[in-house]
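The values are calculated or read from the model by the stated rules, or taken from the named source; none is laboratory data. Because the structure is predicted, anything quoted here is derived from the model rather than measured. Glycine also receives a Cβ, built like all others from the backbone with ideal geometry; neighbour counts cover every protein chain displayed.
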Amino acid sequence: MRKSSRYGWLVILLGSALLAGCSAIPSVFTPMSPTSQQIYRLIWIIFSIAAVVFLVVEGILLYAAWRFSRKSSEAFPKQVEGNQKLEIAWTMAPAVVLAAVFIISLPTLRYLTTQPASDPGPGGKTALRVHVIAHQWWWEFQYPDLKIVTANELYVPVGTVVNIDLESKDVIHSFWIPPLGGKIDVIPGQVNHTWFQVTQAGAYVGQCSEFCGIDHAFMRFEVVAEPQDQFDSWTRLMQASAAVMTGEAAQGEQVFLAGACSACHTVSGTAAQGKVGPDLTHFASRTKFAGWTEDNTPENLAKWLADPQSVQPGTLMPNLHLPPDQIQLLVTYLESLK
Ligand code: CUA
């Protein structure tokens with residue numbers, strides 16, 4: 001074996017470790033919320049316990065291999081079979097270790113699911129409530145106190161406690177933003193609770209982490225943590241109804257309202273009040289669409305409207321077989337929904 005290929009695995013391992021530390025890739029090793037910091041601590045405690053178990057077991061194994069191995073080609077080592085005391089011991093030891101890990105994990109589980117009423121730190125701002133609704137295959141974010149509904153992009157103020165209630169419209173999904181907290185199941189007919197408090201402004205990519213059908217891997221989202229004043233301007237923008245359209249955008253609006261689009265999508269301030277697909281009132285302000293996988297550009301949007309299946313096989317967005325001129329008008333309209 002050549003030296004370079006022999007050490008190839010080491011390069012891959014070190015490379016992955018480096019990438020894991022990089023902020024572009026979501027990682028549990030860069031905790032950015034008290035909740036994920038708690039999990040991060042727990043990871044190291046459990047890892048340490050596992051490391052001790054590993055060393056003890058491997059140590060005994062190596063010692064036994066050395067101590068009880070055949071000493072010469074003639075002599076047979078002593079043949080032993082069954083030792084009740086030992087068998088009880090090695091059944092009990094893992095049970096005790098697992099029970100300890102369970103007990104150590106309980107306070108963290110409790111911490112993650114107990115929503116604080118307000119920021120426990122100095123200043124103590126009121127918590128922000130967000131209702132997360134999972135759909136095959138996109139995320140709906142409702143802000144009940146601010147009367148805002150968005151899709152796939154969750155804006156929050158830095159330093160504010162964000163209390164999250166989660167529910168699913170169809171199958172079981174799992175809500176996960178690695179730097180901001182643990183995975184939490186999103187279940188139809190049951191409301192689960194969690195929270196986070198982002199300590200540093202930035203964008204954090206989240207991902208559905210429970211297999212939920214063909215487009216599970218394309219069920220992403222982004223948390224955008226902004227300073228309070230920027231979040232407030234975002235709030236005002238989102239609370240406004242869709243702008244009044246003129247020219248081609250107005251023609252696109254007519255196509256949207258007359259066709260099947262408005263049966264599934266809401267554009268507030270218009271007759272479109274569908275609830276099946278994402279709310280599109282401020283579609284143009286989003287950076288991505290289709291489960292936060294496609295860059296929101298006129299070209300991508302035109303491709304999507306022409307044949308959603310070719311962009312994301314399995315998507316529940318139907319192909320309406322729209323003529324190219326209507327697609328063009330719809331793109332102009334949707335990209336005007338700032
Ligand atoms: Cu939703 Cu996987």
Considering only residues that are within 50 Å of the chain's Cα centre (by Cα) and small (Gly, Ala, Ser), look in region 55-97 and name the one that is surrounded by the most Cβ atoms within 10 Å (Cβ to Cβ).
Ala93
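Between Arg41, Arg129, which is surrounded by 10 or more Cβ atoms within 10 Å (Cβ to Cβ), assigned to a helix (DSSP H, G or I) and basic (Lys, Arg)?
Numbers: Arg129 fails: assigned to a helix (DSSP H, G or I).
After applying the criteria, what remains is Arg41.
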Name every residue in region 197-211 that is assigned to a strand (DSSP E or B), surrounded by 19 or more Cβ atoms within 10 Å (Cβ to Cβ) and β-branched (Val, Ile, Thr), in order of residue number.
none
Within region 234-248, count every residue that is among the small types (Gly, Ala, Ser) and either under 19 Å from Leu320 (Cβ atoms) or exposed (fewer than 14 other Cβ atoms within 10 Å of the Cβ) (or both).
3
Given (1) assigned to a strand (DSSP E or B); (2) within 16 Å of the ligand (Cβ to nearest atom); (3) under 26 Å from Asp295 (Cα atoms), Pro178 misses just (1)
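Would you be able to say whether some residue in region 141-152 is of a type in the set (Phe, Trp, Tyr), within 16 Å of the ligand (Cβ to nearest atom), at pLDDT below 95 and surrounded by 21 or more Cβ atoms within 10 Å (Cβ to Cβ)?
Among the residues of region 141-152, not one is of a type in the set (Phe, Trp, Tyr), within 16 Å of the ligand (Cβ to nearest atom), at pLDDT below 95 and surrounded by 21 or more Cβ atoms within 10 Å (Cβ to Cβ), which makes the answer no.
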How many residues of region 231-264 are under 14 Å from Thr281 (Cβ atoms) and acidic (Asp, Glu)? The answer is 1
Report the residue count in region 212-247 for those that are away from the ligand (no atom under 16 Å from the Cβ), under 23 Å from Thr293 (Cβ atoms), among the aliphatic types (A, V, I, L, M) and not in a strand (DSSP E or B).
1
Hey, Thr194 hits all of (1) in contact with a strand residue (DSSP E or B) (Cβ under 9 Å, 6 or more places away or on another chain); (2) of a type in the set (Val, Ile, Thr); (3) surrounded by fewer than 18 Cβ atoms within 10 Å (Cβ to Cβ) but one; which does it fall short on?
(3)
Answer yes if at least one residue in region 107-116 is among the β-branched types (Val, Ile, Thr), touching a residue at least 24 places away in the same chain (Cβ under 8 Å) and closer than 30 Å to His282 by Cβ, and no otherwise.
no
